[in-house]
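The values are calculated or read from the model by the stated rules, or taken from the named source; none is laboratory data. Remember, it's a predicted structure, so these values are computed and weren't measured experimentally. Note: ideal-geometry Cβ built from the backbone for every residue, glycine included; neighbour counts use all protein chains shown. Side chains are part of the model used for accessible areas, which takes the heavy atoms of the whole protein and leaves out ligands, DNA and RNA. Shrake-Rupley method; radii C 1.70, N 1.55, O 1.52, S 1.80 Å.
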Amino acid sequence: MTIEIQEADDSTLERWNNLVERSDGATPFHRREALTHLAETSNTEVRFLVGYKGQEPVGLFPIFVTTKGPFRMVYSPPPHLEVYYLGPTLLNFAKLKQRKAERRHREFIDGAIEWIEAEIDPAYVDVRTVDEYTDLRPFSWNGFDVSPSYTYILDLTGEDLLMQFSRDARSNVRNRDDGCTIREAGVAGIEAVISQIQDRHAAQGKEYRIDPEFVTELYERLPDGCVRPYVCERDGEILGGMVTLETDDTIYRWQGGAKSDVEFPINDLLDWHIIQEAQERGLTRYDLVGANLPRLCRYKSKFGPEPVAYHTVQRKSTRMQAVTGVYRRLPSALKVVSE
């Protein structure tokens, strides 16, 4: 093993964000302040793993540790916080030839898994990787189940993106006559957008576990421009909105787009406004965050994005597999009692 896995010390934590900014495919949630916020909110312990070849960092792997009953569990990201991707991210791979890159990558993941097993000994590991992390073989070779999910990515480098839109989407943004203003609205925008989503989920009897305070704290901890709350308002009333996240090349359509009672296409106008501003800032990708539900795909696909895979990797201990199997075979009444 030529790659050494270390838990970040104080010195490394001070430069963690610099490493994130140099790594491939890192999201705003890979930043130290976001990871700390996620750990506090989910009541988990965050561990900052770094892989080194000599003195050179080659990979980062933030993980969250929790205990449920007799089982220790590792997540990346933690569940139920509307964080869709996290997992490992790589550094200093761009100039490597394929064979050397594959060997270094495998040694990094092998080493990280060995560290997790030795230091935590989890019964369950659940990791969701970013779309730009495309080689999942090192996890498969370590006995993990790997399954794809999908998001939509719109390439923002084209000269006439509007022509990629469906006919109705083009008409909606070209022929608007709604008297609305779209702008960034700070904390007030976050409160309006997240509250609207909460109400929408409650009306449908669905669970939605984040609140305005969670998103506001993220907004205040991350650098300026990383979290952008956009709202569509008319006559001083916020009718709808979107909270986006941003890196140096990608803007994420993170939270928002709840269906509105108004008769004009608020979300089409929001998406087009966000796309235009992202282009002006030099971003190259618009991640529409999720392409797994047909209902949502019908809307998002009209902007002409490409479906792109990201992956979930999971592994259960033999003991947890046995307990899970017994639980699944219990009669429904016994399950209710046990819960």
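Within segment 213-225, residues that are in contact (Cβ under 8 Å) with a residue 24 or more places away in the chain reach partners that are basic (Lys, Arg) and open to solvent by less than 60 Å² (accessible area, probe 1.4 Å) with beta carbons closer than 8 Å, at six or more positions or on different chains, in the pairs LEU222/ARG31.
For segment 315-325, the criterion of a residue being touching a helix residue (DSSP H, G or I) at 6+ places or on another chain (Cβ under 8 Å) and under 30 Å from VAL125 (Cβ atoms) is satisfied by at least one position.
The lone criterion from (1) open to solvent by 70 Å² or more (accessible area, probe 1.4 Å); (2) within 18 Å of ARG253 (Cα to Cα) left unmet by ALA202 is number (2).
Can you tell me which residue among GLU207, GLU159, GLU237 is acidic (Asp, Glu) and either in contact with a Pro (Cβ under 7 Å, 6 or more places away or on another chain) or closer than 28 Å to GLU21 by Cα (or both)?
Working: GLU207 fails: either in contact with a Pro (Cβ under 7 Å, 6 or more places away or on another chain) or closer than 28 Å to GLU21 by Cα (or both); GLU237 fails: either in contact with a Pro (Cβ under 7 Å, 6 or more places away or on another chain) or closer than 28 Å to GLU21 by Cα (or both).
Result: GLU159 is the single residue among GLU207, GLU159, GLU237 that is acidic (Asp, Glu) and either in contact with a Pro (Cβ under 7 Å, 6 or more places away or on another chain) or closer than 28 Å to GLU21 by Cα (or both).
Considering only residues in segment 136-181 that are of a type in the set (S, T, N, Q) and more than 25 Å from the chain's Cα centre (by Cα), the one that is farthest from ARG104 (Cα to Cα) turns out to be ASN175.
Return a yes/no flag: does segment 128-141 have any residue that is touching a helix residue (DSSP H, G or I) at 6+ places or on another chain (Cβ under 6 Å) and surrounded by fewer than 19 Cβ atoms within 10 Å (Cβ to Cβ).
Filtering segment 128-141 for residues touching a helix residue (DSSP H, G or I) at 6+ places or on another chain (Cβ under 6 Å) gives 138.
Then keep just the ones that are surrounded by fewer than 19 Cβ atoms within 10 Å (Cβ to Cβ); that gives none.
No, that holds for no residue.
Answer yes if at least one residue in segment 75-88 is in contact (Cβ under 8 Å) with a residue 60 or more places away in the chain, open to solvent by 60 Å² or more (accessible area, probe 1.4 Å) and in contact with a strand residue (DSSP E or B) (Cβ under 6 Å, 6 or more places away or on another chain), and no otherwise. Within segment 75-88, none of the residues are in contact (Cβ under 8 Å) with a residue 60 or more places away in the chain, open to solvent by 60 Å² or more (accessible area, probe 1.4 Å) and in contact with a strand residue (DSSP E or B) (Cβ under 6 Å, 6 or more places away or on another chain).
Would you confirm whether or not segment 57-77 contains a residue that is part of a helix (DSSP H, G or I) and of a type in the set (A, V, I, L, M)? No, there is no match, as no residue in segment 57-77 is part of a helix (DSSP H, G or I) and of a type in the set (A, V, I, L, M).
If only residues of segment 1-56 that are in contact (Cβ under 8 Å) with a residue 60 or more places away in the chain and part of a loop (DSSP other than H, G, I, E, B) are counted, the one that is surrounded by the fewest Cβ atoms within 10 Å (Cβ to Cβ) is MET1.
Checked against (1) touching a Lys or Arg at 6+ places or on another chain (Cβ under 8 Å); (2) in a loop (DSSP other than H, G, I, E, B); (3) not polar (S, T, N, Q), LYS95 passes all but condition (1). In segment 162-179, which residue that is more than 9 Å from TRP272 (Cβ to Cβ) and at pLDDT 90 or above is least open to solvent (accessible area, probe 1.4 Å)? Selected residue: SER166.
Of all residues in segment 3-26, exactly one satisfies the criterion of being touching a Lys or Arg at 6+ places or on another chain (Cβ under 6 Å) and of a type in the set (S, T, N, Q), namely ASN17.
For segment 216-332, the strands (runs of 3 or more DSSP E) that sit wholly inside it and include 3 or more residues that are crowded, with 20+ Cβ neighbours inside 10 Å are 227-234, 237-246, 250-256, 306-316.
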